[in-house]
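Here the structure is laid out as structure tokens; the discussion comes afterwards.
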Amino acid sequence: MNDFALGVISSMAATALSVAVGWILSARARNWAVAALSRYSGLGVRKLHHQQWRAPWTEWS
């Protein structure tokens with residue numbers, strides 16, 4: 001029974017660690033993916049802003 005409990009606890013710890021690392025790196029990975037796709041498609045996205053009010057306002061004419 002000890003081996004089973006140790007297996008369950010280690011599996012839960014590994015899952016928690018994987019979720020935490022994924023949560024931390026998800027924004028960075030998403031920014032990298034958008035930048036790469038923008039470069040290849042020619043959209044011209046240079047920087048991502050997580051909050052709209054931080055982005056400079058430009059009027060498209």
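The values are calculated or read from the model by the stated rules, or taken from the named source; none is laboratory data. Note that the structure is a prediction, hence the values are computed from the model and not measured. With ideal geometry, Cβ positions are generated from the backbone for all residues, glycine too; neighbour counts draw on all protein chains shown. Note: areas computed on protein heavy atoms with side chains; ligands, DNA, RNA excluded. Shrake-Rupley method; radii C 1.70, N 1.55, O 1.52, S 1.80 Å.
Structure notes:
- Filtered residue count, the range 16-47, keeping only those that are among the β-branched types (Val, Ile, Thr) and over 16 Å from the mean Cα position of the chain (by Cα): 1
- Scanning the range 36-45 for residues that are aliphatic (A, V, I, L, M) and either at pLDDT below 80 or surrounded by fewer than 10 Cβ atoms within 10 Å (Cβ to Cβ) (or both) turns up Leu43, Val45.
- Those residues of the range 1-30 which are open to solvent by less than 50 Å² (accessible area, probe 1.4 Å) and of a type outside the set (A, V, I, L, M), in sequence order: Gly7, Gly22, Ser26
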